[in-house]
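A short worksheet on the structure shown next.
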């Protein structure tokens, strides 16, 4: 990640504009980054294929895809956006913004993410899925129901 | 502030040389762009975060799967690839510009522009596919209902009623229009003769009478215009109605069948079944027939349902025979038998072996009615579909707007001589473009793969 390598590049700050530095870039480096990006896209696509071993726990796939996305984002930021070679000002602009955006999302969790925990009885009547019925309420004489309910609750993808 | 700046007030003669010390060791334009990008990070993080929180906050199984809403992973992956390629080409264009290779820089920039255009075209194609299935961010265009409840069934009946009345009106028009045309033609001939007579009379009449005749002439002229307009309307409409006659009759039959045997059956079950699960199942079955949701196709239960109906039909038929004396009860039972027959004819279940081979089922189980008959556009049931559509169109819409802005920046840059003096422009628009790519890097798995 950029943080580890940037300490070696601190000297590029100061009055000398970092993008004037001719050492970074280069076709080969961009080619490697491009290859990595394509590979990573394939990797996140792979979770959707039949070969992905964690089909039963979709959370593993989601976490993997997010990790892949973050890696791709870091590659783009560090190499294509040249932040790897920029001076320390990059932290001033990127870290507060990132922290703010994380807080922003966390702030939503209580009201939006956990919204269904406090649904009133009436609210469930109008929610997307019918309230989960007690087992046995739909017995063997209603063959359409159990199939349906099982599919919905047990689905992963 | 610099030393000289603080002294400025003391002297005030204006000949003090101000020394500008940049706050950041980069050009002002780049500083501004990075400031802008940091606000953009928060903007998109807010949008994407809201999507994540909404998606995972939805009760288990109520968020639509990519296939439920006609999202195709390969198309999304292709668009990701296109954007990654464009990021490479723009960064190479910058390198070329720095090296004063203006031709190569221009070519690469143009390639980036094309790739951006490809991305937008694919996006437009995807939006079109959504719209074709009635997936819009809001009513009245959106056909999405969150739940197969009584409102949903009512909406389906309403849509079918509208279709039937429109088709009926067309059919009535087709039947009455030839007669109306003949009548109007005769009327026109009459009026024209009268006009001729009036003109002849006018040339001989005195001033008072002439004024009267002028009024009549004007009235006649107006009715002639009205007749011509209506005749022209009939002439254009009649061939269209004639050409679509067969199609119209087929559609009308389908709509009426669906209304009686599928929608009304669901309504009757929803209203009369004693068991709540049965009532809800009847409405969900209707929703499944119209727009099956991936991964929960009700194939197996439809077979069971059909065999249940056949048993019930046998019982009812027996009752009809035994109720020979009571005409009212017999009529009611016969109606029930007819409804079951109709249902079994339209939806014979998965294993068609038990259905008469001569009867073609109306409902193709794999696709659903809306896919089979595009013109139906019946309301569809997608759990959390409206919330999904709102977030999807908002996220991808804002991203697409950013792509458009990026393309405009490229158009501005293209006519310039892209040497090292212009590198700053390429660098800044490139930074912006990479950010657009970054956003898509997160949107792709979230929207297409989660």
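Coordinate-derived values only; no laboratory data. These numbers were taken from a predicted model, which means no experiment stands behind them. Because the Cβ atoms are built from the backbone with ideal geometry, glycine has one as well, and the counts that use them run over all protein chains shown.
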Helix B:150-204 sits off the longest principal axis of the Cα atoms of chain B, rounded to the nearest 10 on a 0 to 90 degree scale, by 80
Quick calc, residue B:242 & residue B:201: beta-carbon distance into FRET formula, R0 35 Å, rounding 0.05, result 0.25
In nanometres, the difference between 0.36 nm per residue of separation and the alpha-carbon distance of residue B:121 and residue B:28 is 30.0 nm
Within 10 Å of the Cβ of an average residue in A:75-81, the count of other chain Cβ atoms is 6
Highest GNM mean-square fluctuation among B:31, B:236, B:272, for chain B with Cα springs under 10 Å, belongs to B:236
Per the helix-only model, chain B has a calculated mean residue ellipticity at 222 nm (DSSP H runs of ≥4, -39500 (n - 2.57) each, divided over all residues, rounded to the nearest 500) of -25500 deg cm²/dmol
When chain B is treated as a Gaussian network with springs between alpha carbons less than 10 Å apart, the largest mean-square fluctuation among B:182, B:335, B:304 is found at B:182
Quick note on B:427, B:221, B:126, ordering by fewest other C-beta atoms within 10 Å, gives B:221, B:126, B:427
Assertion target for B:173, B:303, ordered by fewest C-beta neighbours within 10 angstrom first, is B:173, B:303
Taking 0.36 nm per residue of separation between residue B:404 and residue B:128 and subtracting their Cα-Cα distance, the length gained on full extension comes to 97.6 nm
Residue A:27 and residue A:125 label points (each 7 Å along its Cα→Cβ direction) are spaced in nm at 7.0
The exposure ranking of A:70, B:85, fewest beta-carbon neighbours within 10 Å first, is A:70, B:85
For chain B, longest principal axis from Cα atoms; helix B:327-346 axis from its Cα atoms; angle between them, nearest 10 degrees, is 40
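Calculate, for residue B:162 and residue B:268, the FRET efficiency according to 1/(1 + (r/R0)^6) with r their C-beta to C-beta distance and R0 22 Å; round to the nearest 0.05.
0.55
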So the angle from the long Cα axis of helix B:28-57 to the longest Cα principal axis of chain B, reported in degrees to the nearest 10, equals 40
Mean-square fluctuation maximum in Gaussian network of chain B, Cα pairs under 10 Å, restricted to B:282, B:129, B:329, hits B:329
With 0.36 nm assigned to each residue of separation and the Cα-Cα distance removed, residue B:230 to residue B:20 gains 67.7 nm
